[in-house]
Amino acid sequence: MRTIRQAGEFELEVKKSRFLCALARVTSESEAREFVQSRRKLHHDARHHCSAFVLGDLGEIQKSSDDGEPAGTAGVPMLEVLRRNELTNTAAVVTRYFGGVLLGAGGLVRAYGGAVSAALEHVGLLERRPVRIVSTTVDHPQAGKLENDLRSAGHRITGVEYGERVRIDIGVGESSVAEFEAWLAEATGGSASMVLGDLTHAEVET
């Protein structure tokens with residue numbers, strides 16, 4: 001799955017109607033609905049505030065609203081653009097200022113979907129990859145060298161905690177845990193223990 005790089009807006013004009021698409025990163029339905037309401041308040045003089053959002057690690061939660069436009073001409077095509085781009089944790093609101101020219105069902109579908117597509121291109125996308133947090137514990141004399149070796153090998157350190165021994169947390173691609181375990185054993189002469197932690201997601205440029 002992917003998500004947007006950052007929140008942003010993009011405006012599309014079609015036959016004198018203005019379609020202003022705003023995108024935001026959200027992690028819950030309440031956040032998504034709050035975003036829709038904030039756009040509604042900001043552009044209170046607009047006729048329609050159509051919306052779509054996708055949530056969940058697998059994009060399993062999907063909702064859309066036509067907000068008074070003919071059924072299926074706004075929210076559904078907006079949602080389809082998000083799905084086609086394999087996005088999650090993303091909300092889109094398209095605010096329409098009517099320009100006096102009727103677009104017809106096909107025109108509305110193209111305009112609402114096009115506004116979202118253009119906005120996505122404007123803000124950019126990030127790929128969300130599953131990452132397992134792995135913790136390793138070493139003695140203090142080893143810690144500095146291991147940190148340097150981890151960074152030199154391109155591994156992502158997510159935290160370091162100093163106590164009687166030093167615990168280092170590393171984000172490892174879910175499919176690379178066994179490979180990392182072998183690397184760690186070789187790098188430390190087998191002296192470092194390894195504990196598997198939570199599964200999370202890392203965001204990388206597409």
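Descriptive notes on the structure:
- Net charge dipole size for segment 124-206 [Lys, Arg +1 and Asp, Glu -1 on Cβ; Debye, nearest 20]: 60
- Only DSSP H runs of four or more residues enter the estimate; each adds -39500 (n - 2.57), and after division by the residues of the chain the mean residue ellipticity at 222 nm equals -10500 deg cm²/dmol.
- Sequence ranges 35-41, 94-100, 46-52, ranked by mean other-Cβ count within 10 angstrom, highest first: 46-52, 94-100, 35-41
- The accessible surface of segment 124-196, taken with every protein chain in place and a 1.4 Å probe, is 48 percent carbon and sulfur.
- Rg/Rg_ref, segment 1-144, where Rg_ref = 2.2 N^0.38 Å and atoms are Cα: 1.27
- For the peptides 80-91, 104-115, the ranking by mean Cβ contacts within 10 Å, running from highest to lowest, is 80-91, 104-115.
- A 1.4 Å probe over all protein chains sorts Met78, Met194 by accessible area into Met194, Met78, starting with the largest.
- Positive minus negative residues near Gly159 (Lys, Arg vs Asp, Glu; Cβ under 10 Å): -1
- Which of Ile4, Ser65, His48, positive extreme of dipole for segment 1-102 (C-beta unit charges): His48
- Between segment 138-206 and segment 47-117, the alpha-carbon centres lie 43 Å apart.
- Per residue, segment 4-59 exposes 55 Å² of accessible surface when a 1.4 Å probe is rolled over the protein heavy atoms with every protein chain present.
The values are calculated or read from the model by the stated rules, or taken from the named source; none is laboratory data. These numbers come from a predicted model, not from an experiment. Positions of Cβ are backbone-derived with ideal geometry, glycine not excepted, and every protein chain shown enters the neighbour counts. SASA here: full protein model, heavy atoms, side chains in, ligands and nucleic acids out. Shrake-Rupley method; radii C 1.70, N 1.55, O 1.52, S 1.80 Å.
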